[in-house]
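Working notes for the structure below.
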């Protein structure tokens, strides 16, 4: 039982990470130049820059991908640094909203989303259609990973070794912080 649960959690985490990367790459390929123009237009006001950050993060499924794009745009002087920081604040809000939306059992729609992504990715004739398909496919992987992780979440508390580890980390908050920092850096 524990081996299956462990594989389900590890597989779910890896599928989630792969899905986020695939989504970001697909939507960046499809809308990278359009996003650049939109962010340049959003640079006119702080409110538009903030909204662009929130929407951009929701589209890319990763505030890290958005920040990477912003750095590249700032390097070529497409976007002033002050507006980039406002967009990053919006990206943080977009990340929070994305997590909240995904907590509403949207993983039940994983297979239709995966199917749509596969159709567009494999049979799309234009590069942009294939890139959108890649982004949708990645989002479907995110939903499927959430389904795996939600299925394993109820049983994870029954693992004795994990309960002991969490109890030990509760008594050593600095060690827990360092482990959290290392895991965040890896992911």
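The values are calculated or read from the model by the stated rules, or taken from the named source; none is laboratory data. Everything numeric here is computed off the predicted structure, so don't read it as measured data. Neighbour counts are summed over all protein chains in view; Cβ atoms, including those assigned to glycine, are modelled from backbone coordinates with ideal geometry.
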Does at least one position in segment 16-29 carry a residue that is modelled with pLDDT of 75 or more, exposed (fewer than 15 other Cβ atoms within 10 Å of the Cβ) and under 30 Å from residue 153 (Cβ atoms)?
-> yes
Does residue 84 count as at pLDDT 70 or above and either under 14 Å from residue 19 (Cα atoms) or out of contact with any helix residue (DSSP H, G or I) (no Cβ under 7 Å at 6 or more places or on another chain) (or both)?
-> no
Condition test on residue 7, is it at pLDDT 80 or above and either in contact with a helix residue (DSSP H, G or I) (Cβ under 9 Å, 6 or more places away or on another chain) or under 28 Å from residue 185 (Cβ atoms) (or both)?
-> yes
Test for residue 48: is it out of contact with any strand residue (DSSP E or B) (no Cβ under 7 Å at 6 or more places or on another chain), over 26 Å from residue 143 (Cβ atoms) and either surrounded by 15 or more Cβ atoms within 10 Å (Cβ to Cβ) or modelled with pLDDT under 70 (or both) | yes
Any residue at all in segment 59-67 that is farther than 13 Å from residue 139 by Cβ, surrounded by fewer than 20 Cβ atoms within 10 Å (Cβ to Cβ), at pLDDT below 75 and within 14 Å of the chain's Cα centre (by Cα)?
-> yes
Scan segment 131-186 for residues that are in contact with a helix residue (DSSP H, G or I) (Cβ under 8 Å, 6 or more places away or on another chain), surrounded by fewer than 11 Cβ atoms within 10 Å (Cβ to Cβ) and closer than 21 Å to residue 110 by Cβ and jot them down.
-> none
Taking the stated definitions as given, is residue 93 surrounded by 15 or more Cβ atoms within 10 Å (Cβ to Cβ), in contact with a helix residue (DSSP H, G or I) (Cβ under 7 Å, 6 or more places away or on another chain), in a helix (DSSP H, G or I) and at pLDDT below 80?
-> yes
Give just the number: which of (1) under 29 Å from residue 5 (Cα atoms); (2) at pLDDT 80 or above does residue 98 not satisfy?
-> (2)
